[in-house]
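Here is the structure we will look at, set down as structure tokens.
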């Protein structure tokens, strides 16, 4: 049975299986009874409601079907020139609607929407017609920013500043009570600009500077009536009369109203001190989310273990990079990348793609048999929470602009805001040190400490299998002290990640997004510029071709009319293929001379006490049952370690010195990364899958170098070979 997700495309059919209309799913109620949809083939219609069961019945009786390809997917891949021309208008339109489109489902309901529209018009000065036009564009286009392009509209004028009369407003000073002629002045816009300037140039420059000192310096610097020379010959500003300038009380009033306490602290002490000392972190992480897929946290770590090459077991390739994607609501690990890329956008890209991948298929590819229920996630979230770095920039922006996924970049020194995945890494590295040869321990590199790099036994694929097994174990473990809601207590939900995920999917639906695999990959891949030439499509100093280009005379046209620039999407791990957007779809181009490198109510406290008493007994029973799973997992891991140790020891040459093995790590890592890139590259995107055998990849290495027995002997052999060549050439 087909499932329904946000952005699912439903095509409704008549009895002859002809299209009636196409609708996009915009929102799903947590109770799974109502679904908000919009017709995307009729741009004038507004969103309307269907019952969840109605859509499921239609899908199961062939009265409707889910489309795998979004008719508006080109909105997710707009070329850079078009974005440059229209991004200001797009971003301006987004600034108008962004605060109301997230108020779901109110924005879809007529009466509530009317109130939101009126408030938005009041705040932004736009017309009702324009606002509805932008909303329809956004909904029809998949709830992404790029759907707002192009925009041809003019916004209303900015609001005018309040015109003050000559009458002094505000509470009179004691001086003016005694002498009405000394009534003072009103604070005008010109004064406020000076206030801002004084705060920036005087108050914020030093923690020791107070507001009274700032006010006095401001009067001397910006309100003086000129300068005179003192008896000592020093130039000094001439101060105005106090009744002719804003008073200190007026300055304080403006400051307190202009900046709240948080802003005042930041302006004085800076963001870093605020984040460290003041910024709150109240409550549990899952209070910030409402269900599965609301927020996925993503982060990377360099694992505390050294690995060996699968091609030559005596080659140490260094420490692997591990990316983990984790659902904040359920704590379920939803995506993974283990390899040598990064931490970088490529590593993050692979982890995000893995998040949307069927995990049963993924595990089977590594000879680990699981059921779909053991690792159920294969969708994307509403938000990704990530560190600044690889998740900032144009590549990550495509997630928002093309897939409608928002990025929550946690600020510096605020790892606590991404604590779910951070804690997972801490546990992971602890387990690595306990399980694996080659693990890095605290005394590493201390004088007299053991060099654990020489203990490396595991290959990259074996390490990935171990990480998967640890994730499968984690997904089944009971989470102690998980803050259950009243509904969870009512349904007696087990607090394991899998159970919480399944319960959330059933009762807290509406956050997961569904896209076809090609759309996700093409969105994540970096973009570049190529040229159509007589020799082929030229990109990155290489030439590419396709049957489509040949049949449509691309290269003949380039000969007659000259080169033409085109947009290119590519996988940086393999340049054998590039992808060119053509007429609403992507065409794969093959490299010529292809490279062969591979509001619930709170219960009474008595109810809590009774629940936690009985639940503590039940949890102990469940934990005992889960222990067997942990024992089985540990046995599996030990078997992998044993096999890998045997393989490494059998092929390890005792004649090679320790220093030569350690010196070769950098080159070994480079070779292994090339193999990994070839293994993981998305060469099957928008085309039939093509694979190359491992023997081809190993041959690539063996053709370029012989296995080293000793660093010095290897160097001598190279010098001797060069000498022989020079003699023969004479």
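Read the figures in this text as sums done on the coordinates, not as results from a lab. Just so it is clear, the model here is predicted, and its values are computed rather than measured. Methodologically, a virtual Cβ is constructed for each residue, glycine included, from the backbone with ideal geometry; neighbour enumeration extends over all protein chains shown.
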Want the number for residue 372 to residue 541: 0.36 nm per residue separation, take away the alpha-carbon distance, what's left?
-> 56.5 nm
Based on the Cβ-Cβ distance from residue 53 to residue 128, what FRET efficiency comes out when R0 is 45 Å, to the nearest 0.05?
-> 0.80
Which of 195, 329 comes first, and how do the rest follow, when ranked by fewest Cβ neighbours within 10 Å?
-> 195, 329
Can you sort 296, 5 so the residue with the fewest Cβ neighbours within 10 Å comes first?
-> 5, 296
Provide, for q = 0.14, 0.20 Å⁻¹, the log10 of I(q)/I(0) from a solvent-free Debye sum over equal Cα point scatterers in the range 286-373.
-> -0.60, -1.03
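Efficiency by 1/(1 + (r/R0)^6): what FRET value for residue 262 and residue 63, r their Cβ-Cβ distance, R0 = 60 Å, to the nearest 0.05?
FRET efficiency, residue 262 to residue 63: 0.65.
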With each pseudo-label sitting 7 Å past Cα toward Cβ, what's the residue 16-residue 196 distance in nm, one decimal?
-> 6.5 nm
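Give the order of 40, 302 when sorted by the count of other beta carbons within 10 angstrom, beginning with the fewest.
On the way: 40 21, 302 15.
Arranged by neighbour count, lowest to highest, 40, 302 become 302, 40.
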Spin-label point model (7 Å from Cα, Cβ direction): what's the residue 658 to residue 252 distance in nm?
-> 7.1 nm
Cα-based shape type of the range 9-71, given that a ≥ b ≥ c are square roots of the gyration tensor eigenvalues and the cut on a/c is 1.5 | oblate
Computed FRET value (nearest 0.05) for residue 244 with residue 208, which takes r as the C-beta separation and R₀ as 30 Å = 0.50
Packing-ranked peptide list from 57-68, 18-29, highest mean Cβ count within 10 angstrom first, is 18-29, 57-68
Fully extended contour minus Cα-Cα distance, from residue 618 to residue 631, at 0.36 nm per residue | 2.6 nm
Just subtract the alpha-carbon distance of residue 477 and residue 115 from 0.36 nm times their residue separation and send over the number in nm, one decimal.
-> 125.7 nm
